[in-house]
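Here the structure comes first, spelled out in structure tokens, and everything after it is commentary.
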Amino acid sequence: MSLRDFDLLVLGHETEGALAAVAAGRAGARAGIVLPPGRMLGGLLTEGGLAYVDRDSRHLRPPAESPDDGLFGEFLARAGVPLVALDPARGEQALRAMVAEAGATILPGSWDGPRIEGDRVAAVRVAGEEIGAGFFLDATPDGDFLEALGEPFAAGFGEYGIDRVLGVSPLPVLRGVTPARILATCEALAGDPDLGALKDRIFGERRFLDLEAGADYVLVGPPYLALAYQRWREANGLSFPVPFEADGFNVAVLGPDVTSWNGLIYFETDPATLLAWSRGGAGDLFRREVAHFGEFARTLWPGATAEMPRHGLYVRQTRHALGTRLRLSLGMIAAGEPVRSVGTFCYYPDFRGFRVTPTAGPLVARVALDAGLARRHINVGIASRAGGYTPPAHSLCRLVQYNATLGAALGAGAAVGFETAAIRAELARQHALADDQAGLADTPRVAGRLHEDPLLALERRLAIS
């Protein structure tokens, strides 16, 4: 091994890759991260501006006090997250500090030209220099490194014959409006009979979360605010350039009158367009959409302004890797089927734009090691929302914390080997193992009638065929 070779080389600057390098470095391995020019370490959570972090649904405590968040929780605590609201700049600072303290190396530049020897990747080129590694981790949002290796993918729900994806959201930051004013407005809109009738016509009996506020968030569960936005656009002759669906909002409180919004849901099904948006960020189309949202906000809260983070776009679903050792399904999660587990993650099935049988609570999912290990290339892994999950399982497994937990395990594996016992022991030594055995045992009960859901029935039929 030369001085420029590593035990672990991360391709992709997402949070899950950075935490993989931290876990590897703390385990004594030499870890490197290839950081493309002009990009921020942390990806979606930093330059993307996804400030409302979908944590493990047992998050009743601050990250620093929670046993359920693992290494991801340490990152949130160091970034000063009270419960769910992450300041993007502080997030990148925390990741950079953790990477440096673990002795991992950030390599500025883009990667290309993976060199393959038999069933292993030997090296990639970074800024014109060949860099070797014992293990390569794809931490790009869309599996770009696996694509370069010729691995296959499925796009959206296309393999199910369903022309739908989970939706795309620009992530505007509003300034000049306090959480109290947001709450008061949402309560007033809930009493608007015209919006109530519109809700019934569009959504029927669909259930929504309640309106709720916490130390650093406002959860706008009912869709009245988004329906009011839709009505305002129609009154002003502003059509949506991409199909839009009114929904609730996750609002992260970043300051006394500064909030970050996730919940403007747009639906595009062309895989090439989705990949371009995921890789390139918001672009002019969504910057115009945020400008419209700002105009609407000023009708409710005079003086409010809206701005877009650097990339500012959350593309929930582009494609799913088909070449991992296990393709984790939602049916497997709901039934509590055993897999090689390196931790757990708890969340509700979140089918944006689909009707799904409700569960009695969030499901505890095993973080499946083999869903992150490539089958053909034995020294390649993926920790990404393009990982080895079925489209329904993607409703839980696309979330950053799930993949950050998997990334930490793969990083530890690059140091201690890929047996689950060794990985779990190393994560426990680092105080980074999140594992809820009681929740796993209870998940089949919580899932209830979910196994009867038509989408999961289709998932089972395709798996059998």
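Data table
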{"quantity": "Relative frequency of Cα-Cα separations exceeding 17 Å in the range 208-352, percent", "calculated": "71 percent"}
{"quantity": "Rounded to the nearest 20 debye, dipole of the range 293-438 from Cβ charges on Lys, Arg, Asp, Glu", "calculated": "440 debye"}
{"quantity": "Calculated FRET value between L209 and E159, using beta carbons and R₀ = 45 Å, to 0.05", "calculated": "0.90"}
{"quantity": "Whole-percent pair-distance distribution, where bins are 10 Å wide, for the alpha carbons of the range 240-306", "calculated": "17, 47, 30, 7"}
{"quantity": "Peptides 18-28, 114-124 ordered by average Cβ neighbours within 10 Å, highest first", "calculated": "18-28, 114-124"}
{"quantity": "Neighbourhood charge, 10 Å Cβ-Cβ cut-off, centred on Q93 and excluding it, Lys, Arg +1 and Asp, Glu -1", "calculated": "+1"}
{"quantity": "Structure-based [θ]222 nm, the chain - -39500 (n - 2.57) summed over DSSP H runs of at least 4, per residue, nearest 500", "calculated": "-10500 deg cm²/dmol"}
{"quantity": "Chain lengthening between A438 and E101 when straightened (0.36 nm per residue, less Cα-Cα)", "calculated": "117.9 nm"}
{"quantity": "Relative contact order, percent, the chain [alpha-carbon distance under 8 Å, six or more residues apart]", "calculated": "21 percent"}
{"quantity": "Cβ-defined net charge surrounding P338, 12 Å radius [Lys, Arg +1; Asp, Glu -1]", "calculated": "0"}
{"quantity": "Hypothetical label at E452: residues of the range 325-364 whose amide nitrogen lies under 12 Å (7 Å Cα-Cβ projection)", "calculated": "357-358"}
{"quantity": "Point-to-point label distance, R4-R201, nm (Cα→Cβ direction, 7 Å offset)", "calculated": "6.4 nm"}
{"quantity": "Spin-label zone in the range 229-258 - amide nitrogen under 18 Å from a point set 7 Å from the Cα of T305 along the C-beta vector", "calculated": "254-258"}
{"quantity": "Global geometry of the range 186-287, whether rounded, prolate or oblate, following the gyration tensor of its Cα atoms and the 1.5 cut on a/c", "calculated": "oblate"}
{"quantity": "Restricting the range 195-256 to trypsin sites (Lys or Arg not before Pro) in coil, as DSSP defines it, with at most 16 other Cβ within 10 Å", "calculated": "R206, R207"}
{"quantity": "Two-site FRET efficiency, T269 against R376, from Cβ-Cβ distance with R₀ of 25 Å, rounded to 0.05", "calculated": "0.30"}
{"quantity": "Residue-count net charge about E130 - beta-carbon cut-off 10 Å; Lys, Arg +1, Asp, Glu -1", "calculated": "+1"}
{"quantity": "Share, in percent, of DSSP beta bridges within the chain that are antiparallel, nearest 5", "calculated": "70 percent"}
{"quantity": "Check: the chain dipole with +1 on Lys, Arg Cβ and -1 on Asp, Glu Cβ, in debye", "calculated": "200 debye"}
{"quantity": "Euclidean distance between Cα centres, the range 209-247 to the range 255-317, Å", "calculated": "12 Å"}
{"quantity": "Long-range tail of P(r) for the chain (Cα pairs > 32 Å, %)", "calculated": "36 percent"}
{"quantity": "Size-normalised alpha-carbon gyration radius of the range 279-328, reference 2.2 N^0.38 Å", "calculated": "1.75"}
{"quantity": "In the range 284-375, GluC sites (Glu not before Pro) in a DSSP loop with at most 16 other beta-carbon atoms within 10 Å", "calculated": "none"}
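Readers should treat all values here as calculations from the given coordinates under stated rules, not as data from a laboratory. Owing to the predicted nature of the structure, the values given are computational and were not obtained by experimental measurement. Neighbour counts are summed over all protein chains in view; Cβ atoms, including those assigned to glycine, are modelled from backbone coordinates with ideal geometry.
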